[in-house]
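Worksheet: one structure, shown below.
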């Protein structure tokens, strides 16, 4: 039997959140009082918590089957929601399933049914065809970033899923854009709209950086050096371009990660982990990183390639200046290149790369990410890892950064100057009765 849930105050305390933002409060009220909800809010404003909090209140601890199904467009978003749910400490089980993951792992997780199942439409439809789990107890269906799922080609699978579940009592649709049309197959009649898209973007500064050459590499490097070590993303339209730009940045000693479709799932996940924990401050990415992934507040984004549509431009920009915080969007423009109408209409400031101001305060500490060969299945907690590094490793607390625990492994950010010493001291030691390997991630 599932454990009874905690109160909202207890959950927020566990998440170290003082209070909900206005969007989350409004969403909670709407979800608790209406059967159909459309939640519109910019990327990074906390939509995951906004729908999870009211939904868990409706979970029945006496039912040991899937009660809530959450469909998402990407593996990263599935993993993110699963992680947020686990950190809430409700006592209920949640699992994420997605393409690229071994089906045997899915079956092992689903043998003991989760109350909340999260997944990409392709993998969820596959499981439903195999009858891996019953659907009779699913009362809540959440389509997170539903327009993105349609955009990447999941319409047939979503149709199959929605039509196969007969007992749905609540439907929640979320998006980061209002340029959407709800498909008929979702079958919502009179949804309650919670629209916060106009919130949180007023502090965004859009600047055009002029490049002397058609090849923008030199302008990019000069701009990044001027901006300093601030967290940011450089958006590109093609993965081949990312490889070329990455080589150029490496040659100019600018640390960075890369993130694009076609990468192995493990490599994509590790790129985000290192970006979140500050092992590097810069990410080269396609529009795959524009929404649906868990990354920290950014100080800037750079459009290396011009976005093809106004929607892409909006989603990329939504990665910075969230919820009224400050941030900058830079568009690198060759002098003879014409900007799209949706950028021209903004009447942006034009600067040369050397004219950019460095808003970073001082030089941030460099961190490395260490890999630990043990995770949740080994009953390892963040407290266990902190104890290992501080007590046995004699590391000072200020030299230990973010810790992320996965099912079968963990990642720890350690000050770069201490990383080799930690590996030498702690590799092949015991953690929760398991001998673990600790290596550079």
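For residues in the stretch 259-271 being surrounded by fewer than 22 Cβ atoms within 10 Å (Cβ to Cβ) and touching a helix residue (DSSP H, G or I) at 6+ places or on another chain (Cβ under 9 Å), which is nearest to residue 82 (Cα to Cα)?
Among residues in the stretch 259-271 that are surrounded by fewer than 22 Cβ atoms within 10 Å (Cβ to Cβ) and touching a helix residue (DSSP H, G or I) at 6+ places or on another chain (Cβ under 9 Å), the one nearest to residue 82 (Cα to Cα) is 269.
Within the stretch 272-289, does at least one residue satisfy the condition of being assigned to a loop (DSSP other than H, G, I, E, B) and modelled with pLDDT under 85?
no
Need the failing condition index for residue 269 against (1) within 17 Å of the chain's Cα centre (by Cα); (2) part of a helix (DSSP H, G or I); (3) modelled with pLDDT under 85, just the number.
Residue 269 satisfies every listed condition except (3).
Kindly evaluate residue 221 against the criterion of being surrounded by 14 or more Cβ atoms within 10 Å (Cβ to Cβ), closer than 18 Å to residue 292 by Cβ and in contact (Cβ under 8 Å) with a residue 12 or more places away in the chain.
no
For the stretch 155-185, which residues satisfy the criterion of being assigned to a helix (DSSP H, G or I) and either free of Cβ contacts under 8 Å to residues at least 60 places away in the same chain or exposed (fewer than 13 other Cβ atoms within 10 Å of the Cβ) (or both)?
155, 156, 157, 159, 160, 162, 163, 164, 184, 185
Output yes when any residue across the stretch 236-247 is closer than 15 Å to residue 300 by Cα and at pLDDT 95 or above, and no when none is.
There is at least one residue in the stretch 236-247 that is closer than 15 Å to residue 300 by Cα and at pLDDT 95 or above.
Tally time: how many residues in the stretch 379-402 are in contact with a strand residue (DSSP E or B) (Cβ under 8 Å, 6 or more places away or on another chain), over 19 Å from residue 274 (Cα atoms) and crowded, with 20+ Cβ neighbours inside 10 Å?
Matching residues across the stretch 379-402 total 3.
Taking the stretch 305-352, which residues are buried (at least 22 other Cβ atoms within 10 Å of the Cβ) and assigned to a loop (DSSP other than H, G, I, E, B)?
Hits for the stretch 305-352 are 318, 319, 321.
Here are some residues: 52, 39. Which one is outside the structural domain of residue 321 (by TED's automatic domain parsing) and assigned to a strand (DSSP E or B)?
Among 52, 39, only 39 is outside the structural domain of residue 321 (by TED's automatic domain parsing) and assigned to a strand (DSSP E or B).
Is it true that residue 217 is more than 26 Å from residue 75 (Cβ to Cβ), assigned by TED's automatic domain parsing to the domain that holds residue 312 and touching a helix residue (DSSP H, G or I) at 6+ places or on another chain (Cβ under 6 Å)?
yes
The values are calculated or read from the model by the stated rules, or taken from the named source; none is laboratory data. Being a predicted model, the structure only gives us computed values, none of them experimental. Backbone-built Cβ (ideal geometry, glycine too); neighbour counts: all protein chains shown.
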